[in-house]
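The values are calculated or read from the model by the stated rules, or taken from the named source; none is laboratory data. It should be emphasised that the depicted structure is a prediction, and the values quoted were computed from it without experimental measurement. All Cβ positions, glycine included, derive from the backbone under ideal geometry; neighbour counts span all protein chains shown. SASA here: full protein model, heavy atoms, side chains in, ligands and nucleic acids out. Shrake-Rupley method; radii C 1.70, N 1.55, O 1.52, S 1.80 Å.
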Amino acid sequence: MVASSTPQPLLRMEGITKSYGSVQVLHGVELSVGRGEVLGLLGENGAGKSTLLNILNGVIQRDTGSIVIDGSPVEFTGPKQAQEAGLAFIHQELSVLPYLSVAENVFLNRLPRRKGAPWLVDWAACYRQAGEILERLAVKIHPRTLVGSLGTAEQELVEIAKALSMNARIITMDEPTASLTESEIERLFTLMRALKADGVSVIYVSHRLDEVAEICDRATILRDGKIVNTVDAQTTDSHALATMMVGRELSELFPKTEHERGRETLRVSNLSTVKVDDVSFTAHAGEVLGIAGLVGSGRTELVRAVFGADPITSGEVFVNGEAVTLDSPGTAIRHGIGLVPEDRKLQGAVLSMTNAHNITLAGLSKVSRWGQLDRGGEKQAAKRLIQDLQVTPSRIEQETGRLSGGNQQKVVLAKWLFAGSDILIVDEPTRGVDVGARAAIHGLLNDLAGQGTTIIMISSDLPEVMGMSDRILVMHEGRIAGELPRKDFSEEAIVMYASGLEPTTEGAKA
Amino acid sequence: MSSLLAQIPGRQRGGGAPRAGRRLPLQGQQLALVLLIAALAAGFASQAPEFLSVDSIENLLRSASMFGIVGLGMTVVIISCGSLGGIDLSVGSMMALGGAIGAGLLGTAFTAANPVKLPAALAMLMALLVTGLLGAVSGLLIARLKLAPFAVTLGMMSVARGLTYLMVAFAIGSSNTAGITFSDPLFDWFGLNNFGPIPSITVLFLVLAALIAFMLKATAFGRSLFVLGGNAENARLAGINVRRTIVIVFAISGLLAGLGGLILTGRLSSASPLAATGYELEVIMVAVIGGTSLSGGRGSIVGTVLAAILVSEIDTGLDMMNVPSFNQYLIKGTILVVAVVMDKVYQARSSRMLVQSA
Ligand SMILES: Nc1ncnc2c1ncn2[C@@H]1O[C@H](COP(=O)(O)OP(=O)(O)OP(=O)(O)O)[C@@H](O)[C@H]1O
Ligand SMILES: [Mg+2]
């Protein structure tokens, strides 16, 4: 790809400010995107990226500033006006409707009509067109599937398909790849390149900095609601980007520390569920066990079954050598198992509650005696975790729903750290978390392992899962396709196993 | 075209700059209730001066305490099950049933047809046991079979009413719609007794309110009710026993409705099969006007206490001004709808803010 030399701007945002109450989150932000350009928008959690994109797409209103598209100023009073002006928006949090089909979601409120009878929906066309878009994304989802029955990543793909189907001039993508694996990301990038060629502009938010050089032309860096710099994405390395985002030198990512692998804490034998097929594995004290695999390969379903959140059709689970019937998450928690789920909005945090209450939610017995809460102790514990995980703003009385996406994720993680599980399962623990905090989370997980906790980590981010794990299980279509010890880690081996192939690399055993 | 879009919280009304991201402190809402109570008192008194007489105020407190006690149960149900559409429509019938059992087991018409004659305390205990159990049955159906609380408690409303008829017929040995009339010192304590200037049941109400407020704020169980109301799947994944919790809250609601029924019976010195008809409206009003959100996860006992006073004030005031009862229905219905709309507006605004923060 050639770095474009600031083409004629299609979109300019100038002097944008926005305050929530007395807190100003955007301070005179300037930004421009050229025709056919992909602009990366980078910044720490809470920097104001989503706020800026929400303003651009008419979801919220700015306080001051102007937006100019194609030379003429625009004023969007709502998302609909923005759509009509040729903007499409992929939200950071899923906004798909679970009880509608994939096709209905894609064409939400723009359902194709019958020729000659425009008051009737042309369902055949609807399903056919949705199928075509999904095909371009190389997604194997039937357009008639109910969205609610899909996993998080697949729902994200539906979200992307929806934005692509709008034939927009400017597409804003707020962390579209946070829950996707390499292969889906590759597809998305291929499509984005095609869009570029058609002159479509894209604003792209991601915390995966290596993606920036791959897909973006320029990158604008936002820190604490101010623009720090706009750089050529092709010639700036990710270390420099991270330093600009954070405003200081960063500690090393994936600070893997070696510790003794202890006794066996978890044994899963021949476990099957609707989506998991005869899986057996063990995990040990002090070990970080990674689980890799493509979206839909059954990773999430496997750990949910182990946690007692989904019913098991057959198989057994042993915790510390003792057979346990995991019929509910409550039972799993009593056996010392914790699960940080992949969907923070529906499963992770209660958005209407405060940070302190969210954090203690899975370990209420630790801050209560005879059922009575020790609210002072609760506050202290919450305060400590909020500092450790660098949640900003760091007020424990803050409603969790008012935090930025990445900060909500940190609160969910804090909840399970507080519950103090012996076996901690984390499903995409750093999804949407910025580089600085990501290092903090990795450090914490490592410390826990050092103290003898068993960590089971699902991650779609290959560098992360390879950097953190002692051992990796790779899943393919509900089965464990391969197991790799740390010395045999390689991207190729994981990708091969994940696609159901045998890696040629020696030493890897199936 | 916007109907589908409207289902996405926060999407529908992009226009109009959203208010500053801080919600009204509950104190503000409660202050509004206090002001409203005072304003209405002034208004009613100017129309009917006897509104501020000792008798009238005592009467108002009795009725506020009765609705308030049942309203405490409703508040707990809505806070914890609101996200599942939780509401208890059976409270009116449960009140009638509680009263009928309490009065019916006293043996006022001690005949061959009715060989039961229990001391009043035991009769009351039986009443509470039965209504509490029936509440638990509702809870069990909702939790186990995942039925809508609305439908289950609507059914229970009819079942409890039927049982009330049976109980009254059993007690007086005939199946006409006449009630059980009786006189009993313990029931009088509920219905007529005062501690100084304050009705004894008002003291009971305040004690119960304090207990439930303590439970909600300061116990692990109370916290789990807010979690469940905020997000049921989340509660399950946090290890909260969702089914048991639902059964318990509906049992609490049934029990408190039974207690409200005993109070009503004590005030009237009679238990009729038609007693407390339509009272679920007042009780739901008490919870909702008090600031308990029908979507669950939010609510306060102080609000419920104030709303109980407000609702009874409206009842008493309208009665004194001789407003015909059909007009009273009209007025109260309107107030309930306004309260629900206000809750919705608040919800829409805060969920819009939640979307923005994502
Ligand atoms: N509704 C709201 N009320 C109050 N503050 C808010 C609200 N929404 C966002 N904020 C604050 O605005 C700031 C910017 O948030 P924003 O969601 O734009 O961050 P972001 O850059 O998208 O972060 P992330 O990478 O975590 O998604 C944060 O400090 C956040 O707490
Ligand atoms: Mg964001």
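Annotations
- Hull shadow area, averaged, chain A [alpha-carbon convex hull, nm²]: 25.3
- Magnitude of the charge dipole, the range A:126-275, Cβ model with Lys/Arg +1 and Asp/Glu -1, debye to 20: 520
- Here each label is just a point 7 Å from Cα along the line to Cβ, and for residue A:282 and residue A:477 those points are 2.9 nm apart.
- Solvent-accessible area of residue B:61 with every protein chain in place, 1.4 Å probe, in Å² to the nearest 10: 50
- Farthest toward the positive end of the dipole of the range B:26-357, out of B:105, B:126, B:196, is the Cα of B:126, where the dipole comes from beta carbon charges about the Cα centre.
- Sequentially through the range A:450-464, phi angles give Karplus couplings (6.51, -1.76, 1.60; θ = phi - 60°) of x, 8, x, 6, 8, 10, 10, 10, 8, 8, 8, 8, 4, x, 5 Hz, Gly and Pro residues having no value and appearing as x.
- Listed by chain and number, the aspartates and glutamates whose C-alpha is less than 18 Å from the C-alpha of residue B:146, apart from same-chain residues fewer than 8 away, are A:310, A:327, B:88, B:233.
- Kyte-Doolittle mean at least -1.0 and Cα axial length at least 20 Å: DSSP H helices in chain B: B:26-47, B:54-81, B:120-144, B:149-172, B:200-218, B:242-268, B:301-320, B:325-357
- Cβ-Cβ distance of residue B:148 and residue A:486, R₀ of 35 Å, FRET efficiency by 1/(1 + (r/R0)^6): the value works out to about 0.10.
- Cα-based helix-to-principal-axis angle, A:152-164 vs chain A, degrees rounded to 10: 10
- Measuring nothing but protein heavy atoms, the accessible surface of the range A:61-171 at 1.4 Å probe radius is 52 percent carbon and sulfur.
- Positive minus negative residues near residue B:219 (Lys, Arg vs Asp, Glu; Cβ under 14 Å): +2
- Proximity of backbone amide H atoms, modeled 1.01 Å from N, is registered between residue B:293 and B:298, B:299 at under 5 Å, excluding neighbours fewer than 5 places apart on the same chain.
- Chain B - percent of accessible surface contributed by carbon and sulfur, probe 1.4 Å: 71
- With at most 13 other Cβ atoms within 10 Å, longest stretch of chain A clear of loop chymotrypsin sites (Phe, Trp or Tyr not before Pro) (DSSP): A:100-369
- Out-of-range pairs (alpha-carbon distance over 25 Å; input A:275/A:345; A:379/B:344; A:49/A:162; A:366/A:410; A:140/A:275; A:49/A:410): A:379/B:344
- Entry note, chain A: relative contact order of 16 percent, from Cα contacts under 8 Å with a spacing of 6+ residues.
- Antiparallel DSSP beta bridges within the protein assembly as shown, as percent of all bridges there, nearest 5: 60
- Computed P(r) (all Cα pairs; the protein assembly as shown; 20 Å bins; percent): 14, 40, 31, 13, 2, 0
- Annotation: per residue accessible area for chain B equals 41 Å², rounded to a whole number [probe 1.4 Å, protein chains only].
- Potential extension, residue A:502-residue A:125 segment - 0.36 nm per residue separation minus Cα distance: 131.7 nm
- Distance from the Cα centroid of the range B:33-87 to that of the range B:272-299 is 11 Å (rounded to whole angstrom).
- Summarising the amide proton neighbourhood of residue A:10: residues at separation of 5 or more, or on other chains, whose placed amide H is nearer than 5 Å comprise A:33, A:34, A:35.
- Ligands, DNA and RNA are left out, and with a 1.4 angstrom probe the accessible area of the range A:55-146 is 49 Å² per residue.
- The accessible-area loss of the range B:206-230 on complex formation, taken against its chain alone with a 1.4 Å probe, reaches 50 Å² or more at B:218, B:220, B:223.
- Spread of Cα-to-Cα distances over 20 Å intervals beginning at zero, given as percent, for chain B: 29, 56, 14, 1
- Cα-based reach from residue A:487 at 12 Å (exclusive), listing aspartates and glutamates while leaving out same-chain residues under 8 positions away: A:470, A:506
- Within the full protein context, the accessible area of residue A:319 is estimated at about 10 Å² for a probe radius of 1.4 Å.
- Debye-formula intensities of the range A:266-330, expressed as log10 I(q)/I(0) at q = 0.12, 0.22, 0.28, 0.29 Å⁻¹, are -0.28, -0.95, -1.39, -1.43 (one equal scatterer per alpha-carbon, no solvent).
- For the chain pair B and A, the buried solvent-accessible surface (1.4 Å probe, both sides summed) amounts to about 4100 Å².
- Amide H to amide H distances under 5 Å link residue A:472 with A:290, A:484, where only residues 5 or more positions off or on other chains count and H is placed in the peptide plane.
- FRET efficiency for residue A:193 and residue A:70, using Cβ-Cβ distance with R0 set to 25 Å, rounded to 0.05: 0.65
- Dipole moment magnitude, nearest 20 debye, the protein assembly as shown about Cα centre, only Lys, Arg, Asp, Glu C-beta charged: 1720
- Spatial separation of Cα centroids for the range B:321-335 and the range A:346-385, in angstrom: 45
- With θ taken as phi - 60° and the Karplus curve 6.51 cos²θ - 1.76 cosθ + 1.60 applied, the whole-hertz 3J(HN,Hα) list for the range A:357-362 is 5, 5, 5, 8, 4, 8 Hz, x standing for glycine and proline.
- The distance linking the range B:133-189 with the range A:56-93 is 57 Å (Cα centroid to Cα centroid, whole angstrom).
- Cα shape, the range B:128-196, gyration tensor, a/c 1.5 rule: oblate
- Ligands, DNA and RNA are left out, and with a 1.4 angstrom probe the accessible area of the range A:384-500 is 28 Å² per residue.
- HN-Hα J in Hz across the range A:304-319 - Karplus 6.51, -1.76, 1.60, θ = phi - 60°, x for Gly and Pro: 5, 5, 4, 7, x, 7, 10, x, 9, 8, 7, x, 9, 10, 10, 10
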